[in-house]
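I have placed the structure first, in the form of structure tokens, so that the comments after it can refer back to it.
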């Protein structure tokens, strides 16, 4: 009897255990179901393949010294690595010996880490049927209302330009817009004037101003160059001055050289007038201002520029020119640019602008400290100025270092840096300055900048050993 | 004792049931886990948000008479519907009364359903850090190797052009490339010749040939027009003829008018030389051929054109022009275009080309049947020709109907169609033909085409009632 009793207890215990196990499995099943259905809800349909493909390509590491792209050369079904300067090999792991430090380039790749950190908000899916028509539904508009709103918000966030009551024209990069501006302005009085319009820019300046006008060889405008070459006796024809502020290559805020008058107008190239490059003393309010995505966010490959224009006639002629030349802009490009600009204008814009400003300030501190130890070279001076974006005085953080070789025997400064320091800079002559200048870029990838700094430190430290001193005839600039 | 025995049986049964339930729940849990982990494997990270957003916008139906786009005007956090022609209202459900049938437009939107059906393969994710630099790693190349390979494969699949040993130049749409071609060709002997290069095109022709040359007003070329205006006594300067084949607006295969000679060269505008628009008697092998994504796939908004060029010097000057004018093309655009072209070239290309050909053939059958009943109007004749792509003789399927008003009193054919039939066509004068012609587009959305056909049927059927007959002085063309 006692045995039966004990046997029953064992059975009761077994039932209890099995019951508890059942409850356990039931709860687990419910949990899995809910987790699964959560995932089910976020399951994608037609965009899944493209998203998987993009993530797979992005996950190719290339040793941290290169990148694989969706449109990169495919070998064995996988896009190959494209190596950064000075790296090679299938996985970019080989450092090329004696590779010149890249300070020539103007690709603003120091922004890249920001966009990789903000991958989620900056990605965009282009559907196969996205805006297939030539134009937007409103045929008088060549950009979407959302992009226009975002550009206006951007200037208000950065506090760098007044856009209320101004027109926004867009083009394939700032360079294309400059074509449109030059054409538009020079046509203003073309029919009533026998003289072609004359364009000026104070050297050193961005070479494109001259190149494009020389290259296109139209009948109604010509590039003259230095404003000091405009004689008071010059008669006839409209006169236009390109004012780059902050200047390229020097990075200082600039005003026009030519005195105003009924026939004199200014084109303000403001592509560097952003809080990461310069103090913003006040929002700019010029008649015609040019900006670009390249300099602002680093998306040079996207090719978007815009102009803020006061005069409706100039704006209309620019739109007409862009329409005639390009039949509108790529709608894929405009969608990509909108996505990027929405990230920049999130909140008060501090996240983006501070990221970029801190890198450039740090780079300028390092490079200006090195050159301060040199007797052979001098660099531009940029004053500390009050910035309304940061609400404080702000240290310089230009995009370029503009170096002068001060010794008389250093006739070609670019050669000096290449041959003696293995640093590839941009010749000063490219900016219509003389050969004793060279421009060293500060907007490159971190690896390029680190290489530049390490070569420079070594190079400048050798000055003392070599006993260099400055020829008395040449002073510090 | 018997009671205890029965009680034990119940307990055994309970244990058995509970055991089976446990096994059941355990298996279910395993199943859920495996399903979940399958989903987990396909879970996306940074691209999920963009993909979800794109699918959410694509799912806005707009009553089937409009579309919402990612960069559409946002109201209450959602992009608004953009309605097709003749529709209005927040969800595009309102048909606008007495709306003119749209036969004016050149947006090739009849392709849209193909891209919506092939949404998965044609979507692309643009990462925030996609090709931020101005140029491709190989600075001599202005397109990716993959895009170049795909363009060559495309011509081989469509059997419409020889690309082996030819250069591929790209530009912002075919229009931009035409700028580059004109510039490149006219510079060939510019330095050695005192005369500007002369450009000709047999009317009726694409108006852009004249507009761009007139508009840009460069010193080294001018547009003359009809090749018959070239006198034998004309001396000096190079001579170029634009040959559009198939022609726009007529859709027939054409050869040059000007006789060849050392100073005479041809620019073949081949944007309609694809199996959906015309028979392909043989792959074209002209010195300079222009193609565009707009006409091929309907992606006019993407703005991509390319040229197949035999002469390396012409190719290099075109590249230089595009670089000077635009500083390269948008890398986002090129990635989008590559994705689209990869879909077109899948397999033998039949899926895409047959889709487009069948629609256009059907449209031509319908519209040519209607006009065959008319005494008042005539349309172009396109012969049935053998097509090497289809390997059979092929019925016409042009992009446009080129209509002539035959009655002397119908001085303006565009007005006749607008006022008497409420059909908006493209004036013949826009193609340098006279006002007795009008072009009716056949590449519009299905709804636009259906409206055109229904209005036309009614209009032509009234001829008999109105007792129209043709003035004896004008014959069928």
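Odds and ends about this structure:
- Residue A:323 meets the conditions (1) out of contact with any helix residue (DSSP H, G or I) (no Cβ under 8 Å at 6 or more places or on another chain); (2) crowded, with 19+ Cβ neighbours inside 10 Å in every case but one. The failed one is (2).
- Selection count where residues are buried (at least 18 other Cβ atoms within 10 Å of the Cβ) and free of Cβ contacts under 8 Å to residues at least 24 places away in the same chain, scope segment A:428-462: 0
- Looking only at segment A:194-207, and only at residues there that are in contact with a helix residue (DSSP H, G or I) (Cβ under 8 Å, 6 or more places away or on another chain) and surrounded by fewer than 18 Cβ atoms within 10 Å (Cβ to Cβ), the one that is farthest from the other protein chains (Cβ to nearest Cβ): A:203
- Residues of segment A:65-81 satisfying the condition of being surrounded by fewer than 18 Cβ atoms within 10 Å (Cβ to Cβ) and either at the interface with chain B (Cβ under 9 Å from one of its Cβ atoms) or modelled with pLDDT of 95 or more (or both): A:73, A:74
- In segment B:10-36, the residues that are within 47 Å of the chain's Cα centre (by Cα) and loosely packed, with under 13 Cβ neighbours inside 10 Å: B:34
- Scope segment B:123-138; condition within 7 Å of chain A (Cβ to nearest Cβ), at pLDDT below 95 and farther than 19 Å from residue A:296 by Cβ; matching residues: B:137
- Applying the criterion of at least 1 residues that are away from chain A (no Cβ under 14 Å) and in contact with a strand residue (DSSP E or B) (Cβ under 7 Å, 6 or more places away or on another chain) to the helices (runs of 4 or more DSSP H) found wholly in segment B:300-374 leaves B:312-326, B:350-372.
- Criterion: more than 10 Å from every other protein chain (Cβ to nearest Cβ) and farther than 23 Å from residue B:58 by Cβ - qualifying residue of A:36, A:92: A:92
- Checking every residue in segment B:366-377 against the condition of being more than 19 Å from the chain's Cα centre (by Cα) and closer than 30 Å to residue A:172 by Cα gives zero matches.
- Only one of A:395, A:358 that is surrounded by fewer than 22 Cβ atoms within 10 Å (Cβ to Cβ) and modelled with pLDDT under 95: A:395
- Residue within segment B:399-413 that is surrounded by 22 or more Cβ atoms within 10 Å (Cβ to Cβ) and under 26 Å from residue B:122 (Cα atoms) present: yes
- Test: residue in segment B:265-281 that is over 16 Å from the mean Cα position of the chain (by Cα), more than 17 Å from residue B:161 (Cβ to Cβ) and touching a residue at least 12 places away in the same chain (Cβ under 8 Å): yes
- Residue check for residue B:53: touching a strand residue (DSSP E or B) at 6+ places or on another chain (Cβ under 8 Å), surrounded by fewer than 19 Cβ atoms within 10 Å (Cβ to Cβ), assigned to a helix (DSSP H, G or I) and facing another protein chain (nearest Cβ under 9 Å): yes
- Options A:101, A:58; residue that is more than 10 Å from chain B (Cβ to nearest Cβ), crowded, with 21+ Cβ neighbours inside 10 Å, in contact (Cβ under 8 Å) with a residue 12 or more places away in the chain and within 30 Å of residue B:145 (Cβ to Cβ): A:101
- Of all the listed residues (A:103, A:51, A:56, A:119), the sole one being within 18 Å of residue B:124 (Cα to Cα) and under 19 Å from the mean Cα position of the chain (by Cα) is A:119.
- For residue A:135, the conditions (1) within 30 Å of residue A:256 (Cβ to Cβ); (2) not assigned by the TED database to the domain that holds residue A:337 all hold with the exception of (1).
- Within segment B:403-417, the set of residues being assigned to a helix (DSSP H, G or I) and touching a strand residue (DSSP E or B) at 6+ places or on another chain (Cβ under 6 Å) comprises B:413, B:414, B:416, B:417.
- Some residue of segment A:94-114 being over 24 Å from residue A:367 (Cβ atoms), in contact with a strand residue (DSSP E or B) (Cβ under 7 Å, 6 or more places away or on another chain) and at pLDDT 95 or above: yes
The values are calculated or read from the model by the stated rules, or taken from the named source; none is laboratory data. All figures in this text were calculated on a predicted structure; none of them were measured in a lab. Heads up, the Cβs are rebuilt from the backbone with ideal geometry, glycines too, and the neighbour counts pull from every protein chain shown.
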